[in-house]
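Some notes on the structure that comes next.
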Amino acid sequence: MANQWAYLFRVNLYDDDFTIYRDVVLLTEQSLQDFLLYIRQIYGYDSIKDARANHCNDEWGRTNPIDLFLDIPLHDFISEPNQKFYYCYDLSKEFEFFIELLDIQPAQSSLTYPYSMGGVGVPPAQYSPMELKKMNGLNKNAILHIKSSLR
């Protein structure tokens, strides 16, 4: 991994006092899609719901929307140190993530990327027990097929 670099991000899941977060490290060559998938995985959320994202200014004001269908490397997406952006997953429940670039560091060949350096807090479950019971008859492939036919 000579001359490779990694980004360290803090991924805050919105609550009243930002007490739920994970610190995530990705290679600069990994894609925005890889990053968003990893966020959903470490918070225990599936990948079948709609989402939206925006770049943010220093005060977390949302600016330009981000095209989530682009599969671009992170180094093409990151334009400034301490870059901030907003990611909302599952638009009906609005799991809101406030993401900030904390550091750029040399990649380590002994590590597998992406990885989480840990975090704080327990995120809310994506589905209530009642919702899980209702979904019990549907499998993930059927849900993905329904979603793709609606686009």
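Before moving on, here are some points about what is shown:
- From least to most packed, judged by other beta carbons within 10 angstrom and beginning with the fewest, Lys84, Lys134, Lys49, Lys93 follow the order Lys134, Lys93, Lys49, Lys84.
- Size descriptor, Kirkwood hydrodynamic radius, that averages inverse alpha-carbon separations across the chain, Å: 16.6
- Cα-centre dipole for the chain with unit charges at Cβ (Lys and Arg positive, Asp and Glu negative), debye to 20: 740
- Calculated FRET efficiency for the pair Tyr14/Val122, C-beta based, R₀ 22 Å, to 0.05: 0.95
- Considering only Trp60, Ala107, Gly44, and ranking their Cα positions along the charge dipole of the stretch 5-123 that arises from unit charges at the beta-carbon of Lys, Arg, Asp and Glu, the one farthest toward the positive end is Gly44.
- As a calculated quantity, the FRET efficiency between Glu94 and Met130 at R0 = 25 Å, using C-beta atoms, amounts to about 0.85.
- Under Karplus coefficients 6.51, -1.76 and 1.60, residue-wise ³J(HN,Hα) of the stretch 116-131 in Hz, glycine/proline x: 9, 8, x, x, 9, x, 10, x, x, 5, 5, 10, 6, x, 5, 5
- More than 12 angstrom apart: percent of Cα pairs within the stretch 30-74: 67
Every number here is computed from the coordinates shown, using simple stated rules; none is lab data. Remember, it's a predicted structure, so these values are computed and weren't measured experimentally. Positions of Cβ are backbone-derived with ideal geometry, glycine not excepted, and every protein chain shown enters the neighbour counts.
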